[in-house]
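Heads up: the structure comes next, in structure tokens.
The values are calculated or read from the model by the stated rules, or taken from the named source; none is laboratory data. Values in this document were obtained by computation on a predicted structure and should not be read as measured data. Counting neighbours? That spans all protein chains shown, and the Cβs are built from the backbone with ideal geometry, glycine included. Accessible surface is based on the protein model in full, side chains and every heavy atom, while ligands, DNA and RNA are left aside. Shrake-Rupley method; radii C 1.70, N 1.55, O 1.52, S 1.80 Å.
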Amino acid sequence: RLRTPEHGMRELLTEQVGVLRISKEEKQTALYIVECLDDNGYLTVSPEEMARHTGWTPERIWEGLRIVQGLEPAGV
């Protein structure tokens, strides 16, 4: 699909997560992290805060972060 300027960063990342061949849990975690990004692609909360807020393990958060960092555009 053609990318245009009105496509936001979160939408672009969400679409990419949706087509990855990863577990449902990994998708859920990656999507949560995408929602925690600001408009420039930076995290607005620490992984430790995300773990406390969700009740997920820090390892799960870090794995989700690794997935999101592998998406385009580079540098997310």
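Of note:
- Just one of the listed residues (Thr57, Thr44) is touching a strand residue (DSSP E or B) at 6+ places or on another chain (Cβ under 8 Å) and exposed (fewer than 12 other Cβ atoms within 10 Å of the Cβ), and it is Thr44.
- Residue within segment 22-31 that is within 12 Å of the chain's Cα centre (by Cα), modelled with pLDDT under 95 and among the aliphatic types (A, V, I, L, M) present: no
- Qualifying position, being open to solvent by 50 Å² or more (accessible area, probe 1.4 Å) and among the small types (Gly, Ala, Ser), among Gly75, Gly64, Gly8, Gly18: Gly75
- Among (1) open to solvent by 50 Å² or more (accessible area, probe 1.4 Å); (2) closer than 22 Å to Glu15 by Cα; (3) among the basic types (Lys, Arg) - the single one Arg52 does not satisfy: (2)
- Positions within segment 9-37 being acidic (Asp, Glu) and touching a helix residue (DSSP H, G or I) at 6+ places or on another chain (Cβ under 9 Å), in sequence order: Glu25, Glu26, Glu35
- Every residue from segment 29-41 that is at negative phi and surrounded by 16 or more Cβ atoms within 10 Å (Cβ to Cβ): Thr29, Ala30, Leu31, Tyr32, Ile33, Val34, Cys36, Leu37
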